[in-house]
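The values are calculated or read from the model by the stated rules, or taken from the named source; none is laboratory data. These numbers come from a predicted model, not from an experiment. Please note: Cβ atoms are built from the backbone with ideal geometry, for glycine as well, and neighbour counts cover all protein chains shown. Note: areas computed on protein heavy atoms with side chains; ligands, DNA, RNA excluded. Shrake-Rupley method; radii C 1.70, N 1.55, O 1.52, S 1.80 Å.
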Protein chains: 2
Amino acid sequence: MPGSKVVRSVDRALEIVELLARSERPQTLAELSHTLDIPKSTLHALLWTLTGRGWIESDEASGRFRIGLHALLVGRSYVESDSLIAMSGAVLDQLAAETGETVHIGRLDGTSIVYLDKRESVHPLRLFSAIGRHLPAFTTALGKSILAELPEDQLEAQLPQPLTRLTPHTITDLGALRADLALTRERGYAVDNEENSEGIKGFAVALRTSEPPHDALSCAIPVARIHDDTEETVVARLREAADRIRGRVSSRAF
Amino acid sequence: MPGSKVVRSVDRALEIVELLARSERPQTLAELSHTLDIPKSTLHALLWTLTGRGWIESDEASGRFRIGLHALLVGRSYVESDSLIAMSGAVLDQLAAETGETVHIGRLDGTSIVYLDKRESVHPLRLFSAIGRHLPAFTTALGKSILAELPEDQLEAQLPQPLTRLTPHTITDLGALRADLALTRERGYAVDNEENSEGIKGFAVALRTSEPPHDALSCAIPVARIHDDTEETVVARLREAADRIRGRVSSRAF
DNA sequence: CGAGAACGTTCCCAAATACGAACAAAGTTC
DNA sequence: GAACTTTGTTCGTATTTGGGAACGTTCTCG
């Protein structure tokens, strides 16, 4: 691992693309300049370069920038090149059919969980989620199932400071979180009690395809559809699915 | 539109990401240096910057680079922010169910067609395709359906020089291609007679959501499953689907 | 197991980029 | 509709980046 010599223009260009990818609405040059704290003149050249390659598109009329067509190719290829995600597609299909609820496969990235793939619930009430989106790991079942397996010294690095509240149920006390993770490790699965989104409970099991694990499988269910035996049933299905994925995947191919 | 002042390091960084996205296998620094004609020392800084942001990942052991997790977010957002693609999802589902074959929605990008979304055939024999991938427009039904609607002076710019052969059926003569496009315009749909992939025929109609159009809808079918009435039936379904999409979409929202 | 090739990394100067300020064009307010 | 605000664009120079060559390390092959 070499010294930390970052090329500023590249770093900023990526920042621009990421911001536009997150933004609901296309952004003007001035908005970007303000948000990213980059001088307008500098932004100008960067935006022009990104536009030239089709990574961002500018609307001639409004002068606003949005993500471009070439970004599409790049995103797909991550999914397609990763053997774990490729292998788990069929398992997700089956899991979604069995549970009838929204299922996700997610990966730990720093303090965040990134959704790698999903299958939507057949029911009208849906959880909002998007592939590629980052959520605080400690507020999700996916994240907690992975965090629970980390060695004590690594855990610290994967937790944000402070534990920011997302709902009234979010665990914001470090001690309480540690206790929850210990419980998770003991029973072998994680539970999200409306800690990330009000009205949504989640269950997740870590995929032990690496040590420590960085991927997990989850099922998210609106509280209205949770019954006495839901947890038991769903967790059993999740465990079966995780076992099937582990069977299919050797290890991450480089 | 400002003058063409491209920031070289950014341009190169994007080139690296695009190459890694296209590559089947992870690449070493030396391979990238050779392919992209960038000095190793320069690449070093660029790769480090890209790695720092999670756009590419390096395997510590082999020293090879592959596309990274952060690229995922970016690709999804293009699809989600484009109202045409969002609106056409349900129509693609229906079209795939009706035809039982692989259906695509594609967009013209320079001389290429980019697959925006797809539904796979239920049959075992499948066409290889990937969302985000570029194919020469003039060799595909999708591309030809759009090219046929372009004004004469614009057409020239959307054709590569020369018309490179992909299969024995590829139309490599400009005159022949113009004649085919004239026929396409007349009958209102395009036919790909194994011009892109041997053994696969395609039918496509342009989506007249803009003038000239840049999007199209297609159905790709292995020749073995083509019968006397296949063309007629499939084209009728495509036209209905195109009408439904046009009905749903106002125009591209900026 | 030893020689040779290939690879990743570091260094420093030539070449590029970044940015403040100034300008022009468009949009807003009264 | 005039003055004001805001936005996008251009320019020249201080600052950062790029690249040839050289270094140490790891593979490769006989």
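Which pairs do you get when a residue that is part of a strand (DSSP E or B) and at pLDDT 95 or above, found in region A:182-194, comes within reach of a residue that is among the charged types (D, E, K, R) and surrounded by fewer than 18 Cβ atoms within 10 Å (Cβ to Cβ), reach meaning Cβ atoms under 9 angstrom, with the pair 6+ apart or on two chains?
Hits for this filter: A:Val191/A:Glu231.
Would you check which residues across region B:138-156 are open to solvent by 20 Å² or more (accessible area, probe 1.4 Å) and over 11 Å from B:Pro212 (Cα atoms) and list them?
Hits for region B:138-156 are B:Glu152, B:Asp153, B:Glu156.
Against the definition (within 16 Å of DNA strand C (Cβ to nearest atom) and either modelled with pLDDT of 85 or more or acidic (Asp, Glu) (or both)), how does B:Ile85 come out, yes or no?
no
Tell me the residue from B:Gly106, B:Gly100, B:Gly75 that is under 22 Å from the mean Cα position of the chain (by Cα), small (Gly, Ala, Ser) and facing chain A (nearest Cβ under 7 Å), please.
B:Gly75
Go over the candidates B:Leu32, B:Leu46, B:Leu50, B:Leu69 one by one and state the one that is touching a residue at least 12 places away in the same chain (Cβ under 8 Å), more than 8 Å from every other protein chain (Cβ to nearest Cβ) and of a type outside the set (Ser, Thr, Tyr).
B:Leu32
Could you count how many residues in region B:172-223 are hydrophobic (A, V, I, L, M, F, W, C) and out of contact with any strand residue (DSSP E or B) (no Cβ under 9 Å at 6 or more places or on another chain)? Steps first, answer last, please.
Here is the first cut: in region B:172-223, the ones hydrophobic (A, V, I, L, M, F, W, C) are B:174, B:176-177, B:179, B:181-183, B:190-191, B:200, B:203-207, B:216-217, B:219-221, B:223.
From what is left, the residues that are out of contact with any strand residue (DSSP E or B) (no Cβ under 9 Å at 6 or more places or on another chain) are B:174, B:176-177, B:179, B:182.
Total satisfying the criteria: 5.
If I filter region B:7-56 down to residues being more than 12 Å from DNA strand D (Cβ to nearest atom) and of a type in the set (Val, Ile, Thr), which single residue comes out as most open to solvent (accessible area, probe 1.4 Å)?
Here the residue is B:Thr35.
Looking at A:Thr167, A:Thr172, A:Thr111, can you tell me which residue is under 21 Å from A:Ala224 (Cβ atoms) and of a type in the set (S, T, N, Q)?
A:Thr167 is the lone residue from the list that is under 21 Å from A:Ala224 (Cβ atoms) and of a type in the set (S, T, N, Q).
One residue is enough: does region B:122-130 have a residue meeting the conditions assigned to a loop (DSSP other than H, G, I, E, B), at the interface with chain A (Cβ under 10 Å from one of its Cβ atoms), closer than 21 Å to A:Arg76 by Cβ and of a type in the set (Phe, Trp, Tyr)?
no
Select from region B:174-194 the residues that are of a type outside the set (Asp, Glu) and surrounded by fewer than 17 Cβ atoms within 10 Å (Cβ to Cβ) and list them in ascending order.
Scanning region B:174-194 gives B:Leu174, B:Gly175, B:Ala176, B:Arg178, B:Ala179, B:Ala182, B:Leu183, B:Arg187, B:Gly188, B:Asn193.
Give me a count of the residues in region B:134-166 that are touching a residue at least 12 places away in the same chain (Cβ under 8 Å) and either not in a helix (DSSP H, G or I) or not assigned by TED's automatic domain parsing to the domain that holds B:Gly199 (or both).
Number satisfying all stated conditions: 13.
Considering region B:195-213 alone, what residues qualify as being farther than 28 Å from B:Ser83 by Cα and open to solvent by 70 Å² or more (accessible area, probe 1.4 Å)?
The one that is farther than 28 Å from B:Ser83 by Cα and open to solvent by 70 Å² or more (accessible area, probe 1.4 Å): B:Glu198.
Which condition does A:Met87 not pass, out of (1) within 8 Å of chain B (Cβ to nearest Cβ); (2) touching a Lys or Arg at 6+ places or on another chain (Cβ under 8 Å); (3) open to solvent by 40 Å² or more (accessible area, probe 1.4 Å), if it passes all the others?
Every listed condition holds for A:Met87 apart from (1).
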